[in-house]
Amino acid sequence: MGRVERKVAVVSGAGTGIGRAAAKRLAEEGALVTVAEFDAETGREAAAELGGDAKFIQHDVREEASWQSLFAAVASNHGRPDILVNNAGILATENDQELALTDLAQWRAVQQVNVEGVFLGCKYGVAAMCADGGRAKGGDGGGAIVNMSSIAGLIATAHLVAYGASKGAVRQMTKSVAIDCAKKGLGIRCNSVHPGVIVTNMGDQVMGMGNGNVDANWEARLSLVPMGEPGQAVDVANCILFLASDEARHITGAELVVDGGMTAI
Amino acid sequence: MVRDRMGRVEGKVAIVTGGGTGIGRATARRLAEEGAIVTITDVNVEAGQAVADELGGKAMFIQQDVRQEADWQRLMDQVADKQRRLDILHNNAGILATQQMQFLADTDVEQWRAIQAVNVEGVFLGCKYGVAAMSVGGRERGGAGGGAIVNMSSVAGLIGTPGAIAYGASKGAVRQLTKSVAIDCAKKGLGIRCNSIHPGIIQTNMGEEVMHLGGGDPERAWKAFIKSVPMDEPGRPEDIANCVLFLASDEARHVTGAELVVDGGITAI
C-alpha cells in the first residue's frame, strides 16, 4: 500500500522542477495524479512519465475559468480531489529586483501567479474537496492542500522584493485557509512548504539574475547553506508527500522549512 | 512483522528516550515498524521493558535518567557494543513535574530547576553524546557517519504558557538548542541533522496531568483545551510518531534546524 494510495491529487506547475518531483512521488505512493501545467510540452511529458492513471491538463493558475475547468476534468477523470499542491510559481525577472528597480507591472505579474493563483487554487480546491457536501454535511469530504511558499516568505529578499512578498502572502494565507477549514469542520488541512536553495530551473534563473555568472552565483549561494549543499527537487517533494498524507492528519496551518539550515542561523 | 516493502528507516539504529509511555512509546513502535533497531530508554523499568518486549527482535531496553551524564555514557557504550553505530536519536523524555498551576509567582526555584534538569539538560546531554556516537568513524573521517536527532519541544516553546512557566521556558530552550546543534553539525560536515517537533494537545499521560492541574475537573479541562484546537480534536501519540519518523528518515535529508508544528492549528491563529 502506498502512503497516498488511490487518493486523487492535483499538482499545479507539475511540468518541471519541484512540481514534477512532487507529482512523481505522489504517483509512486499510489495517488491518481493530475499534472496541471501552463506549458503543454513539459506537462504532457510529465504525465507520460508518470504513466498509469496520470493526466495532463493545460492550466493557467491566474484564470478563474481555468481552475473551474481543471476541477471539472479531475472530477470526471478521477473523482473528488483529496490532495492539491499549489506549486506553480514564477520568479518573472532576469534582473535584480530591488525596491527601486521594481516597476508596478512586474510586481503585479508576480503576485498574480504566486498569490492570486494560490488563492484561487485554495478557493476552488476546497470547494472541489467538499463537492459531496463535505464532512459538515455528512459527506466523506476532507483533504489536504500544500502551498508552495519559500524561505523568501520568512526572511528578507532584498533583491527579489516582489517574489519575497508573494511568498510571505502564501505563508499567511495558508494559515487562514487552515483555520477556516478547521473551524468549519471540513476535514481539510492546509500547510506551506518553505524550500531554500534547490536545484531547479528556477534556481538557475535566480543564479543568472542580472547577467551574473551562474556557476559563481551557485557557489556563493551554497556558502549560505549550512549543510553545504543544495536541496534536490525530490527532497521538497518528500515534504509535500508527508504533509499530503494521512500521517500528517493533525498538522494544519504549519510551515515546513526545507533549507539545509539556512533560516536556523 | 510482515512488511510489503523496505521500511523507511530500514536497518537504522535508533534510541528513543522516555520510550516507555505516550509519544515515546508510539515513536518506538513506528520506527520499529519501518525497520529500525530501537533502543528504548526510560527511568521507569517496567514501562520501558514492556515496550522492548512488545517490539521483540533486536529491540532493547536500557534504564536511563536523562539528567545523569554517566547514564548517557553508559547508554552509548551499550548501544555501540550491541549495534556498532547510531543513526537516530529521539530526545523525547520530558516532564511537567507539577500538580499545581505554575504561574510566575507560584513557581519556586527548586521546581524550576527540576524541570530544566530533565527537559533542557537532558536534551543537551542527549545531543552531546548522540552527536559523538553518530560521529564515530563519521563523515569527517571518511566514514559513513551521519544521523538524525529529533528533539521534543512543544507549542509551549512557541507561545506563552503563563500557567506552566517553567515547562514553557524549557521547551523554548529545546527549540533554540536544536537550531544551534543543527548548524554546528552542518558546518562541521558531520551529516547529522537536528530538528524539533512541537505538539499541541495530545492524548497522553502528560496530557492527563495537564488536565488535572490545579485540582479542577479533568473532563471539563479536556473540553476547554480542545476548544482551543481549531481542528476540534486532540492529536494522538501516533500522529507525533509519524512526524518523528519523517524527520528521522532520509526523506528529510535537507531538513535541519527546522521546527515541525503538529497542533491541529492552535498556533496558526
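The values are calculated or read from the model by the stated rules, or taken from the named source; none is laboratory data. The structure presented is a predicted model; accordingly, all values stated were derived computationally and were not measured. Here the Cβ positions follow ideal geometry from the backbone for every residue, glycine too, while neighbour counts run over all protein chains shown. Note: areas computed on protein heavy atoms with side chains; ligands, DNA, RNA excluded. Shrake-Rupley method; radii C 1.70, N 1.55, O 1.52, S 1.80 Å.
Note the angle between two axes, namely the Cα long axis of helix A:40-50 and the longest principal axis of the Cα atoms of chain A, as a number of degrees from 0 to 90, rounded to the nearest 10.
Between helix and principal axis, roughly 60 degrees.
Roughly how tilted is helix A:161-183, in degrees to the nearest 10 and between 0 and 90, from the longest Cα axis of chain A?
Long axis of A:161-183 versus the principal axis of chain A: about 20 degrees.
Please quote Rg/Rh for region B:182-266 to two decimal places, taking the Kirkwood radius as Rh and restricting both calculations to Cα atoms.
Values: Rg = 16.4 Å, Rh = 14.6 Å.
Taking Rg over the Kirkwood Rh, I get 1.12.
Between B:Leu89 and residues 5 or more places away or on another chain, which pairs have amide H atoms under 5 Å apart, with H built 1.01 Å from N, and which residues are they?
Those lying under 5 Å, H to H, from B:Leu89 are B:Ile15, B:Ala148, B:Ile149, B:Val150.
Provide, in order from the shortest bin, the percent of all Cα-Cα pairs of chain B in each 5 Å bin, continuing until the bin that contains the maximum pair distance.
Spelled out per bin, shortest first, that is 1, 6, 13, 18, 20, 17, 12, 7, 4, 1, 0, 0.
Of the listed pairs B:Lys128/B:Lys171; A:Lys7/A:Lys184; A:Lys123/B:Lys223; B:Lys128/B:Lys188, which have alpha-carbon separations greater than 20 Å here? If you can, show how the numbers build up before the last one.
Details: B:Lys128/B:Lys171 18 Å; A:Lys7/A:Lys184 22 Å; A:Lys123/B:Lys223 31 Å; B:Lys128/B:Lys188 14 Å.
Flagged as over cut-off: A:Lys7/A:Lys184; A:Lys123/B:Lys223.
Which three semi-axes in whole Å describe the equivalent ellipsoid of region A:41-101, each the square root of 5 times a Cα gyration tensor eigenvalue, listed largest first?
In descending order, the three semi-axes are 30, 16, 10 Å.
Roughly how far apart, in whole Å, are the Cα centres of region B:1-40 and region A:163-191?
Using only Cα atoms, the two centres lie 32 Å from each other.
Excluding ligands, DNA and RNA, what is the solvent-accessible area per residue of region B:49-186 at a probe of 1.4 Å, expressed in Å²?
46
Using r as the Cβ-Cβ distance of A:Ala131 and B:Ile159, and R0 as 41 Å, what FRET efficiency do you calculate, to the nearest 0.05?
0.70
Select from A:Ala165, A:Ala22, A:Ala105 the residue whose mean-square fluctuation is largest in a Gaussian network model of chain A (Cα-Cα springs shorter than 10 Å).
Greatest mean-square fluctuation among the candidates belongs to A:Ala105.
May I ask for the net charge around B:Ser170, where only other residues with Cβ less than 13 Å from the Cβ of B:Ser170 are counted and Lys, Arg are +1 while Asp, Glu are -1?
Around B:Ser170, the charge tally is +3.
Over chain B, what percent of the accessible surface lies on carbon and sulfur atoms, probe 1.4 Å?
Here carbon and sulfur together make up 51 percent of the probe-accessible area.
Report the extension gain between B:Leu104 and B:Glu219 in nm, rounded to one decimal, defined as 0.36 nm multiplied by the number of residues separating them, less their alpha carbon distance.
Between B:Leu104 and B:Glu219, full extension yields an extra 38.8 nm.
Sum up the charges of everything whose Cβ sits under 12 Å from the Cβ of A:Ala233, counting Lys and Arg as +1 and Asp and Glu as -1, but leave A:Ala233 out. Write out the running numbers ahead of the final one.
On the way: positive: A:Arg20, A:Lys24, A:Arg25; negative: A:Asp235.
Around A:Ala233, the charge tally is +2.
Sum up the charges of everything whose Cβ sits under 11 Å from the Cβ of A:Met173, counting Lys and Arg as +1 and Asp and Glu as -1, but leave A:Met173 out.
Working: positive: A:Lys123, A:Lys167, A:Arg171, A:Lys175; negative: A:Glu116, A:Asp180.
Net of charged neighbours comes to +2.
Step by step: find N for region B:123-268, compute 2.2 N^0.38 Å, then divide the Cα radius of gyration by it. What's the final number?
1.17
Taking every eigenvalue of the Cα gyration tensor of the protein assembly as shown, multiplying by 5 and rooting it, what semi-axes result, largest first, whole Å?
Each semi-axis is the square root of five times an eigenvalue, giving 38, 27, 23 Å.
If region B:1-148 were replaced by its equivalent ellipsoid, with semi-axes equal to the square roots of 5 times the Cα gyration tensor eigenvalues, what would those be, largest first, whole Å?
Over the Cα atoms of region B:1-148, the ellipsoid semi-axes are 29, 19, 13 Å.
Please check: in the Gaussian network model of chain B (C-alpha springs, under 10 Å), which one of B:Glu34, B:Glu110, B:Glu46 has the largest mean-square fluctuation.
Taking springs between Cα atoms under 10 Å, the residue moving most is B:Glu110.
Which value in Å is the Kirkwood Rh of chain A over different Cα pairs?
Kirkwood hydrodynamic radius for chain A: 18.4 Å.
Could you give the angle, 0 to 90 degrees to the nearest 10, between helix B:22-33's Cα long axis and the longest principal axis of the Cα atoms of chain B?
That helix lies at roughly 30 degrees to the long axis.
Computed on protein heavy atoms with a 1.4 Å probe, what is the summed buried accessible area for the chain pair A and B, in Å² to the nearest 100?
3300
Taking chain B as a Gaussian network, where each spring joins two C-alpha atoms under 10 Å apart, which residue of B:Val150, B:Val45, B:Val13 fluctuates the most?
Between B:Val150, B:Val45, B:Val13, it is B:Val45 that shows the largest mean-square fluctuation.
Can you check what the Kirkwood hydrodynamic radius comes to for region A:87-218, Cα pairs only, in Å to one decimal?
Roughly 16.0 Å, rounded to one decimal.
Which of B:Gly216, B:Met134, B:Ile149 sits closest to the plus end of the dipole of chain B, meaning its Cα is farthest towards the positive end, when Lys and Arg get +1 and Asp and Glu get -1 on the C-beta?
Of B:Gly216, B:Met134, B:Ile149, it is B:Met134.
Pop the C-beta distance of B:Glu208 and A:Leu101 into the FRET formula with R0 = 45 Å and round what comes out to the nearest 0.05.
It comes out at approximately 0.20.
For B:Asp65 and B:Asp232, compute 0.36 nm times the residue count separating them, minus their Cα-Cα distance, and round to one decimal in nm.
56.6 nm
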